[in-house]
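Following: one structure in structure tokens, then a few remarks.
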Amino acid sequence: MGRLYVTTPIYYVNDAPHIGHAYTTVIGDAICRWHRLQGDDVVFLTGTDEHGLKVAQTAEANGVTPQEWADRTVERFREAWRLLQIANDDFIRTSEPRHHLAVQRFLQTVYDNGDIELGTYEGPYCVSCEAYYAESELVDGCCPIHGIPVRLMKEENYFFRLSRYQDRLLRWYEDNPEAVQPATKRNEALGFIRQGLEDISITRTSLTWGVPVPWDDRHVFYVWYDALINYATAVGYGADPERFALWWPVVHHLIGKEILRFHCVWWPAMCMAAGIDPPHRVFVHGWLLVGGEKMSKTRLNQIAPRDLVADFGVDGYRYHFLRDQAFGPDGDFSYERMVDRYNADLANNLGNLLSRVATVVERKCGGVGPKPQDGSPLQSVAAEAYRATDEAWRRFAPSDALESTWRLIRETNAYLEANEPWRAEAGPGVDSVMGDALETLRIVAVLASPAMPAACAELWRRIGLPGRPQDQRLPGAAAWGGYPGGLPVERGDPLFPRKQ
Ligand code: MSP
């Protein structure tokens, strides 16, 4: 049995959840579901990033405290994840006492080790990024990500001596070539490090909404510094050393490409400074674009998950983003492509297979599903589909994993077309073909359940099986011959009604 700890970025509580946030969260959820099927011990963490100037300002504009504002807005994320059937084991909010405690312990250790010192910082700051920029990074004097004007800020700050970590980081990446994936993103991180690292300001005196600096109560920690530590807080950093020792070595961060520098340069250096290992793996994905642009409040091009769930159902939604947008490069979201893929993969391939099988079983087998044949031509296809699906989920490639599972669906449809059980006389010939098709449906229900938990549970129920596919254990549940036969098969309405 293995152990896996997967995290999403913690999302800014001020933002409304959109399909970009959901993209990372659904991928993390599906990967964890795959590992639970394997019997692995899993912690899946998501949460919200609640400190910083942006939250303080909006709270004030709304006449409430930042805590009240965060308490109100965090519900939008909880609701979105409930809607998308995200099975997170924990939800962390950076305003929680457990997190304050961990941040203070973590940074006090870095301070005691001599890597935090007082200095003055002056530079352009983007409130939306909650980050300082170098003049050279601005585009026409504006933030390169948000395109909005930056503010010149000057503060007395504590600085983290990041510059001391350049060689250690390079050595660490050399010794751990798999730490950042894909390799292009690893090279990007190495590029940042080789350019030379400047010390970074990690505290603020201009606001009070943050984690207080334990050795100097005029300061709070800079929001990014506190945020990164959430990953350690959630598995017991500073509170439960045994738990932390169990989970930290298997941490896998999922992030979007715009926060690579924080996760692949700052964070590993901070971990080293605090005397813990840098994160085991960071998987960096590209952006979902809408009309060729990144979604943002200012461009008014954000799409809420619930609008697409209303049209495609939660399973159609999850399937689309897992299958259509390969993990790594940017990709344009298109409603038309979502309809096409839904119709092709779900309504036609999977939906049709189920309805064909249920119809023939009803007409020719008295509604009772027969057993599969030993040595069926589909047996090796199923074995290969399982092998390829497993290999792809393990390398965090959901799109490849689903493609491998769908190969089994397509081959089963082809097998039915070659045998035409709907034309044949009822009898042992039809029974064995139908038993084989039911067996692949059973296996598909297990293999596709990380992507589509509800639809796979319904498929499982319709072919007469007790329990739920997500409670099965792999590899046993993918082995040929698990469908016992003699179970009632229900036709029902189309599992995935076609979209026009
Ligand atoms: N609060 C910081 C992260 C701190 S982690 C210690 C933050 N929050 S965010 O709300 O802006 O979320 C950023 C993350 O949301 C991205 O890294 C990515 O995971 C996801 N996405 C947001 N927009 C996205 C797209 N357009 N496309 C794909 N993912 C996107 O940054």
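Among Ile19, Ala457, Val433, whose Cα projects farthest towards the positive end of the dipole of the chain, with charges put on the beta-carbon of Lys, Arg (+1) and Asp, Glu (-1)?
Val433
Can you tell me what the convex hull of the Cα atoms of the range 33-185 projects to on average, as an area in nm²?
13.5 nm²
May I ask which of Lys154/Lys294; Lys257/Lys294; Lys54/Lys294; Lys54/Lys297; Lys185/Lys294 have a Cα-Cα span longer than 23 Å here?
Correct reply: Lys154/Lys294.
If you take all C-alpha pairs in the range 93-159, what percent of them are over 19 Å apart?
53 percent
Determine the dipole magnitude for the range 15-160: charges of +1 sit on the beta-carbon of Lys and Arg, -1 on that of Asp and Glu, nothing else is charged, the reference point is the Cα centre, and the result goes in debye to the nearest 20.
Using only the charged Cβ atoms, the result is roughly 520 debye.
Once the Cα atoms of helix 166-175 and of the chain are each reduced to a long axis, what angle between those two axes, in degrees from 0 to 90 to the nearest 10, is obtained?
Helix 166-175 sits roughly 20 degrees off the main axis of the chain.
Taking the Kirkwood radius as the inverse of the mean 1/r across Cα pairs, report the Rg/Rh of the chain.
1.04
How much of the pair distance distribution for the range 369-442 lies past 20 Å, counting alpha-carbon pairs only, in percent?
That tail contains 34 percent of the Cα-Cα pairs.
Roughly how big is the chain's charge dipole about its Cα centre, with Cβ charges of +1 (Lys, Arg) and -1 (Asp, Glu), in debye to the nearest 20?
Dipole size: approximately 980 debye.
Per q in 0.11, 0.12, 0.13, 0.16 Å⁻¹, report the Debye log10 I(q)/I(0) for the range 291-406, using one uniform scatterer on each alpha carbon and no solvent.
Values returned for q = 0.11, 0.12, 0.13, 0.16 Å⁻¹ are -0.53, -0.61, -0.70, -0.94.
For helix 183-194, what angle does its Cα long axis make with the longest principal axis of the chain, in degrees from 0 to 90 and rounded to 10?
Relative to the chain, helix 183-194 is tipped by roughly 10 degrees.
Scan around Gly256 for amide H atoms under 5 Å from its own, H built in the peptide plane at 1.01 Å from N, and keep only partners 5 or more places away or cross-chain.
Distant-sequence amide H within range of Gly256: His285.
With +1 on each Lys and Arg Cβ and -1 on each Asp and Glu Cβ, and nothing else charged, work out how big the dipole of the range 203-289 is about its Cα centre, in Debye to the nearest 20.
280 debye
Inverting the mean 1/r over all pairs of different Cα atoms, compute the Kirkwood radius of the range 154-195 and quote it in Å.
11.6 Å
Of Tyr483, Phe160, His100, which is farthest on the positive side of the dipole of the chain, counting Cα position, with +1 on Lys and Arg Cβ, -1 on Asp and Glu Cβ, and the Cα centre as origin?
Tyr483
State the answer as a single residue: which of Gln85, Gly313, Ile443 lies farthest towards the positive end of the charge dipole of the chain, with beta carbon charges of +1 for Lys and Arg and -1 for Asp and Glu, about the Cα centre.
Towards the positive end, the residue furthest out is Ile443.
Taking just the alpha-carbon atoms of the range 399-500, what radius of gyration and Dmax come out, in angstrom?
Values for the range 399-500 (Cα only, Rg and Dmax): 13.9, 40 Å.
If you take every DSSP beta bridge fully contained in the chain, what fraction is antiparallel? Give it as a percent rounded to 5.
Percentage antiparallel, nearest 5: 50.
How long is the range 161-255 along each principal axis, judged by its Cα atoms, biggest number first, in Å?
Largest to smallest, the principal-axis extents are 41, 35, 22 Å.
For the range 2-94, report the convex hull volume of the alpha-carbon atoms normalised per residue, in Å³, without decimals.
So the per-residue hull volume is 80 Å³.
Most exposed first by the Cβ proxy, i.e. fewest other Cβ within 10 Å, how do Ser376, Ser163, Ser399 rank?
By the 10 Å Cβ count, ascending, the order reads Ser163, Ser399, Ser376.
For helix 19-37, what angle does its Cα long axis make with the longest principal axis of the chain, in degrees from 0 to 90 and rounded to 10?
It works out to around 60 degrees.
Seen from all sides and averaged, what is the projected area of the convex hull of the Cα atoms in the range 222-364, in nm²?
13.2 nm²
What number, rounded to the nearest 500 deg cm²/dmol, is the helix-based mean residue ellipticity at 222 nm of the chain, given -39500 (n - 2.57) per DSSP H run of at least four residues and division by all its residues?
My calculation for the chain gives -14000 deg cm²/dmol from helical runs alone.
Dividing the convex hull volume of the Cα atoms of the range 190-305 by its residue count, what figure in Å³ per residue is obtained?
About 172 Å³ per residue, rounded to a whole number.
Just so you know, all these numbers are worked out from the coordinates, no wet-lab data involved. This one's a predicted model, so the numbers in the text were calculated from it and none came from an experiment. No Cβ is skipped: glycine too gets one built from the backbone with ideal geometry, and neighbour counts run over all protein chains shown.
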